[in-house]
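Structure first, then comments.
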Amino acid sequence: MPPALQTLFEVYAPARFMLACRRRYGPVFTIQGLGTPPLVVLAAPEPVRRLFSLPSRSLSVGRGNAALAPLFGPRSLVLADGAEHQRIRRALMPGLVGAGLDGKADVVRSATLAAASALRPGDRFSALALADRATLCTILEALFGTWRAPADEALRLRLTSMFGDLGSPLKTFGVLIPGLYDRLDRIPAVRRIRSDLAAVDAMLHDRIRTARARGAPAGSLLSRLLAAREADGQPLGAATIRDQLMTVLLAGHETTSAAIAWALHHIQRRPGLRDRLVAGLARGSEDDLVAICHETLRLHPPLTGGLVRELHEPLDLGPWRLPAGTRVLAHGWLVHLDPATHEAPAEFRPERFLDRGPDRAGYLPFGGGHRQCPGQAQALLAMRTVLATLLTSLHLAPLPDRPVRAMRRGGVMVPRGGVMLRVESVLAGPGSGSPAEREACHAVGT
Ligand code: HEM
């Protein structure tokens with residue numbers, strides 16, 4: 001199939017395209033998009049396990065993901081390799097795990113209640129738009145230690161506008177086809193993305209300057225980046241810090257909100273499940289909630305695959321031998337949908353994770369190996385807390401609609417239409433917001 005057609009399918013019908021390839025060619029196959037080299041896709045646990053167990057010196061990601069550079073920045077963690085990758089990851093990691101997450105559930109709860117504060121009985125709203133708002137506030141707090149100050153609000157609004165501009169499948173072409181944005185500067189949407197990006201950059205640089213002069217709140221990711229050092233012992237430059245701030249914003253925000261919206265979609269369509277979940281929470285048990293989060297990430301991994309890896313040495317996959325220089329993608333979503341890996345894989349069955357957690361080989365929403373998502377503990381905490389807060393403070397009902405399909409928003413798979421819900425009654429918390437906040441909750445935001 002010509003590369004242009006493959007890119008078209010990748011953007012508009014990624015699920016059908018990839019499943020068809022898997023059915024036709026088996027668990028290891030090659031695709032090629034417009035303007036990019038061939039990409040070998042791994043769609044079964046064993047080949048993925050072999051890829052993820054390669055030592056870091058045997059592969060790199062910088063060139064394979066270069067299309068992300070205009071947004072993430074050239075020194076972003078997601079594009080760094082070798083010692084630089086380890087240095088930046090070591091600087092950020094303590095803020096994203098263990099004690100670094102102390103107190104974060106309270107932040108997520110407050111951000112969720114603020115996002116839902118305008119909702120009243122009878123209101124209809126987009127679960128995705130609400131989750132977007134709550135998770136963006138949460139990520140801003142993780143980065144800067146605050147999320148309610150006027151400067152945070154200004155940054156949130158600019159970022160929301162930028163994410164909105166990047167959101168349609170059409171604009172995803174710009175991300176998937178290297179250099180396309182550079183050639184399409186006359187298109188208003190492309191110019192808007194650039195101007196949003198420039199405004200966000202200016203705000204981030206302003207934050208960095210202020211934090212250098214007055215210090216950043218202890219424990220914030222910005223304070224950790226300010227304390228980090230280059231190989232020669234010098235502090236990280238402002239451009240390098242900006243790239244990491246943008247990386248966490250881009251990697252952590254829409255992924256988490258997509259997962260929350262998908263979970264709400266399934267919970268609201270199964271009243272028995274919702275009631276069991278809420279009863280469990282009332283008893284202090286999160287078992288159902290945790291199982292729902294795992295099952296949501298299995299059936300709807302927001303990133304269908306991990307970063308593209310480029311091999312520095314041959315990789316032996318039994319019948320296949322990939323030579324050095326091959327670009328490889330571990331496709332978690334195809335692994336999750338393999339009946340050999342999960343029984344009835346197309347069905348939403350959180351029960352499968354009630355007695356035992358996910359088996360690592362067949363469960364890859366956060367990728368794996370030395371590039372595995374460093375934000376997974378924070379993401380799961382945010383998912384659990386947003387869902388528990390919403391479901392215990394609002395009684396919600398789904399709006400009758402067509403089966404919800406997945407669509408691309410940038411690189412993230414979101415439910416088309418945003419999962420529209422209606423507020424039946426307000427149990428606690430929300431219901432006090434301003435008309436402007438009501439407007440914000442109603443915007444579908446996909
Ligand atoms: C449900 C939410 C999330 C999902 C599904 C997700 C998924 C992923 C995946 C698949 C990767 C690529 C891993 C690989 O190639 O092996 C990744 C990388 C990454 N994620 Fe997440 N992520 C989520 C939330 C977050 C959050 C909340 C943060 C930060 C606070 C974050 C920060 C990152 C970073 C910085 C990387 C690059 C890591 C590296 O290159 O070393 N993610 N994520």
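Points worth noting:
- Matching residues, region 1-15, being in a helix (DSSP H, G or I), under 21 Å from residue 416 (Cα atoms) and among the aliphatic types (A, V, I, L, M): 8, 11, 15
- Residues satisfying the stated conditions in region 16-42, i.e. touching a helix residue (DSSP H, G or I) at 6+ places or on another chain (Cβ under 8 Å) and either surrounded by fewer than 17 Cβ atoms within 10 Å (Cβ to Cβ) or assigned to a loop (DSSP other than H, G, I, E, B) (or both): 16, 19, 27, 32, 33, 34, 35, 36
- Residues of region 283-298 that turn out to be surrounded by fewer than 21 Cβ atoms within 10 Å (Cβ to Cβ), at negative phi and free of Cβ contacts under 8 Å to residues at least 60 places away in the same chain, as a count: 2
- A single member of 69, 111 is surrounded by fewer than 20 Cβ atoms within 10 Å (Cβ to Cβ) and either within 12 Å of the ligand (Cβ to nearest atom) or small (Gly, Ala, Ser) (or both), and it is 69.
- Failed item, numbered, when residue 138 is tested on (1) of a type outside the set (A, V, I, L, M, F, W, C); (2) buried (at least 23 other Cβ atoms within 10 Å of the Cβ); (3) not in a helix (DSSP H, G or I): (3)
- Flag: residue 274 matches the condition of being basic (Lys, Arg), away from the ligand (no atom under 12 Å from the Cβ), within 20 Å of residue 403 (Cα to Cα) and out of contact with any Leu (no Cβ under 6 Å at 6 or more places or on another chain).
- Cβ pairs under 7 Å, 6+ apart, first in region 226-237 and at negative phi and loosely packed, with under 12 Cβ neighbours inside 10 Å, second part of a loop (DSSP other than H, G, I, E, B) and not small (Gly, Ala, Ser): none
- For the criterion of being closer than 17 Å to residue 328 by Cβ, surrounded by fewer than 18 Cβ atoms within 10 Å (Cβ to Cβ) and in contact with a strand residue (DSSP E or B) (Cβ under 8 Å, 6 or more places away or on another chain), residue 55 fails.
- Answer residue from region 329-345, given it is hydrophobic (A, V, I, L, M, F, W, C) and within 15 Å of residue 22 (Cα to Cα) and is farthest from the chain's Cα centre (by Cα) among those: 340
- Filtered residues of region 353-370 (kept if assigned to a loop (DSSP other than H, G, I, E, B) and within 14 Å of the ligand (Cβ to nearest atom)): 358, 363, 364, 365, 366, 367, 368
- Test: residue in region 305-313 that is closer than 19 Å to residue 357 by Cβ and touching a His at 6+ places or on another chain (Cβ under 9 Å): no
- Within region 392-420, tally of residues that are within 26 Å of residue 82 (Cβ to Cβ) and either among the hydrophobic types (A, V, I, L, M, F, W, C) or near the ligand (Cβ under 7 Å from one of its atoms) (or both): 0
- Single unsatisfied condition, residue 105 versus (1) assigned to a helix (DSSP H, G or I); (2) closer than 16 Å to residue 244 by Cα; (3) not hydroxyl-bearing (Ser, Thr, Tyr): (2)
- The one condition in (1) away from the ligand (no atom under 15 Å from the Cβ); (2) over 29 Å from residue 386 (Cα atoms) that residue 281 fails to fulfil: (2)
- Here region 377-391 is the region considered, the condition is being over 16 Å from residue 250 (Cβ atoms) and within 13 Å of the ligand (Cβ to nearest atom), and the residue that is surrounded by the most Cβ atoms within 10 Å (Cβ to Cβ) is 386.
Values in this text are rule-based calculations from the coordinates and carry no lab data. On a predicted model such as this, the values are computed, not experimentally measured, just so you know. Counting neighbours? That spans all protein chains shown, and the Cβs are built from the backbone with ideal geometry, glycine included.
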